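Read through the structure below, which is laid out as structure tokens, and then see the notes.
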Amino acid sequence: MPSLEEARKILADAGQSHVLAFWNRLDAPARESLLAQIGRIDFAAVAKLRGVLADAGAKAAPAAAAPMEPAPVVELAGAELAAARARGEEELRAGRVGALVVAGGQGSRLGFEGPKGCYPVGPITDAPLFFFHARKLLALKRRYGRPVPFYVMTSETNDAATRAFFEERGYFGLAKEDVFFFVQGMWPALDPEGKVILDRPDHVFLSPDGHGGTLAALERSGALADMEARGLASVFYFQVDNPMVDVADPAFVGFHAAQGADLSVKVCAKRDPQEGLGVAVRRGGRTEIVEYTEFTDAQKNERAPDGELRYKYGSVAIHVFSVPFLRREASAGLPVHVAHKKVPHVDASGAVVKPSAPNAYKFEKFIFDALADAKVCPCVAFDREAEFSPVKNAEGADSPATCRADLSRKWARWLRAAGVAVPLDGRGYPVRRIEIDPAFAFDAASLAERLAAPGAPAEEPAGDILLREDA
Ligand code: UTP
């Protein structure tokens, strides 16, 4: 921790002396915590962010003006699907596959106190998001005989709570040594003059550096070295808010391996032209995910000759990374994006103000920018009804209610395929509540197997259907 004199010098050199504006009013613990925070902030990085802000102001025409076309998308089926799956199963049996969940976000739209991964989504048991991810990894370990190590990215804000939650829940049945938590970086926001913002008299406002912060954090934390020491060839990457994700899906992992890909991208058909998914395109000879805000309305609505949207496929941040590519990218550094946001700040009297309009610039890195450096980066289509229903908003689309309904509908499909009568309502959703622990069954085939096995739970004619496996 710097002394007061040292802190004054650091701040003066960085043009941020206002950080000590309330020093004379702070008590001893507040002074200590402010000095400690000044010691932790990388002011050289803040100077770079100031440069990013200046460049953003001077930016010319939007990038979408450059000619682009939809990226080619592979739809795996038949023999190609079987071959990809077989290859992925080989990878899993050899213990060459890891899983990485990004769980460092702030979940501000959901408005949930605590890490988003602790949010209860199980329609019957209120099992949290983390449960569904971890239990899929447990199922893979049982099926293929080797662990799929789980790398969980947190942020400074939720790291301790996330670790405590896993500990409290017995790691959901996973071996503790196969779960690796690592913390992403935090960046200050800047006001229009390039000054960091005090959100309390003794504290500089910081926010996570975006899911693109994963790459540097993997290296800094030793998680990347751990992957290498375990001999992992690839890592399945996904977001914490989608409990439908088919974690380490053998076909996707196998296709990636067979292609010798650096980075593979799962894409699905957009719900409608306005859906806010990044779109997979080819531009300047490279595959890119272009944010939907870069598209004009005409581009969003453009149709192909078959009547489908021309830019039909969106990315939902389900990827496979090869481990050597992660190593290369960790030091390459991703571009920094700027967003004009509402950031709480103190006024001249030290009182906290919650602005009603954007007042500051926040900085983030996006994981999909790594595509620019990927030499082989296939886009593979998947069925969103089977694999994608995120918890983003408190209500409406992509909310806990829609996510639970989509989970139930998927489980009802599996049950019906296994010969269990599950009455559906007019919209195709099951009338009874359903919940299936992924360690009991993780797809239609494994469910049919379990239900056919001796000692399978007897079907109840009415009421909830809860199929669970003891840890
Ligand atoms: P979102 O962009 O949906 O953000 O993150 P969020 O923080 O969950 O929610 P809002 O926007 O504040 O409402 C997509 C995924 O990326 C992770 C999130 O945890 C989520 O799994 N993420 C996002 C990080 O791990 N770090 C970040 O800095 C940002």
Take region 396-411 and flag every residue that is open to solvent by 10 Å² or more (accessible area, probe 1.4 Å) and of a type in the set (A, V, I, L, M). Ala397, Ala401, Ala405
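Per-residue answers, yes or no, for (1) free of Cβ contacts under 8 Å to residues at least 40 places away in the same chain; (2) surrounded by 18 or more Cβ atoms within 10 Å (Cβ to Cβ); (3) more than 14 Å from the ligand (Cβ to nearest atom); (4) not polar (S, T, N, Q):
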{"residue": "Thr214", "(1), (2), (3), (4)": "no, yes, no, no"}
{"residue": "Ala223", "(1), (2), (3), (4)": "no, yes, no, yes"}
{"residue": "Tyr237", "(1), (2), (3), (4)": "no, yes, no, yes"}
{"residue": "Ala258", "(1), (2), (3), (4)": "no, no, yes, yes"}
{"residue": "Ala261", "(1), (2), (3), (4)": "no, yes, yes, yes"}
{"residue": "Ala269", "(1), (2), (3), (4)": "no, no, yes, yes"}
{"residue": "Asp272", "(1), (2), (3), (4)": "yes, no, yes, yes"}
For region 398-448, the count of residues that are assigned to a loop (DSSP other than H, G, I, E, B), in contact (Cβ under 8 Å) with a residue 24 or more places away in the chain and among the basic types (Lys, Arg) equals 2
Applying the selection to region 357-391, what residues are within 28 Å of Lys48 (Cα to Cα) and of a type in the set (S, T, N, Q)? Asn359
Just for region 180-198: of the residues that are of a type in the set (A, V, I, L, M, F, W, C) and away from the ligand (no atom under 16 Å from the Cβ), which one is nearest to Ala56 (Cα to Cα)? Leu190
Could you list, in sequence order, all residues of region 154-177 that are within 15 Å of Gly105 (Cα to Cα), within 15 Å of the ligand (Cβ to nearest atom) and out of contact with any Gly (no Cβ under 6 Å at 6 or more places or on another chain)? Glu156, Thr157, Asn158, Asp159, Thr162
Give region 281-328 a look and list any residue that's in contact with a Ser or Thr (Cβ under 7 Å, 6 or more places away or on another chain) and not hydroxyl-bearing (Ser, Thr, Tyr), or say none. Ile289, His319, Val320, Phe321, Val323
Do we have Asp209 as within 16 Å of the ligand (Cβ to nearest atom) and among the charged types (D, E, K, R) here? yes
Of all residues in region 281-335, count the ones that are within 14 Å of Val73 (Cα to Cα), in contact with a helix residue (DSSP H, G or I) (Cβ under 7 Å, 6 or more places away or on another chain) and not basic (Lys, Arg). 5
What's the number of the only condition in (1) within 16 Å of the ligand (Cβ to nearest atom); (2) open to solvent by less than 50 Å² (accessible area, probe 1.4 Å); (3) within 26 Å of Ala401 (Cα to Cα) that Tyr151 fails to meet? (3)
Qualifying residues in region 122-131 (those that are surrounded by fewer than 22 Cβ atoms within 10 Å (Cβ to Cβ) and of a type in the set (A, V, I, L, M, F, W, C)) - the one farthest from the ligand (Cβ to nearest atom): Ile124
Which of the residues belonging to region 164-205 are touching a residue at least 60 places away in the same chain (Cβ under 8 Å), assigned to a strand (DSSP E or B) and not basic (Lys, Arg)? Val183, Trp187, Pro188, Leu190, Val196, Leu198, Asp199, His203, Val204
Of everything in region 1-21, what is in contact (Cβ under 8 Å) with a residue 12 or more places away in the chain and open to solvent by 20 Å² or more (accessible area, probe 1.4 Å)? Give them in sequence order. Met1, Ser3, Leu4, Arg8, Ile10, Asp13, Ala14, Gly15, His18, Leu20, Ala21
Any chance region 169-187 includes a residue that's farther than 24 Å from Leu224 by Cβ, small (Gly, Ala, Ser) and open to solvent by 10 Å² or more (accessible area, probe 1.4 Å)? yes
Would region 396-417 turn up any residue that is of a type in the set (A, V, I, L, M, F, W, C) and touching a helix residue (DSSP H, G or I) at 6+ places or on another chain (Cβ under 6 Å)? yes
Given (1) buried (at least 19 other Cβ atoms within 10 Å of the Cβ); (2) over 26 Å from Ala216 (Cβ atoms); (3) of a type in the set (A, V, I, L, M, F, W, C); (4) more than 16 Å from the ligand (Cβ to nearest atom), Ala86 misses just (1)
Here is a check on your reading of the model: is Ala351 over 25 Å from Val121 (Cβ atoms) and either in contact with a strand residue (DSSP E or B) (Cβ under 9 Å, 6 or more places away or on another chain) or not acidic (Asp, Glu) (or both)? yes
Examine region 112-134 for a residue that is touching a Pro at 6+ places or on another chain (Cβ under 7 Å) and among the β-branched types (Val, Ile, Thr), and state whether such a residue exists. yes
Does Glu177 fit the bill of being acidic (Asp, Glu) and either out of contact with any Leu (no Cβ under 8 Å at 6 or more places or on another chain) or farther than 30 Å from Lys48 by Cα (or both)? yes
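The values are calculated or read from the model by the stated rules, or taken from the named source; none is laboratory data. All figures in this text were calculated on a predicted structure; none of them were measured in a lab. No Cβ is skipped: glycine too gets one built from the backbone with ideal geometry, and neighbour counts run over all protein chains shown. Ligands, DNA and RNA are stripped out before the accessible areas are found, and what is left, the full protein with its side chains, is counted by its heavy atoms. Shrake-Rupley method; radii C 1.70, N 1.55, O 1.52, S 1.80 Å.
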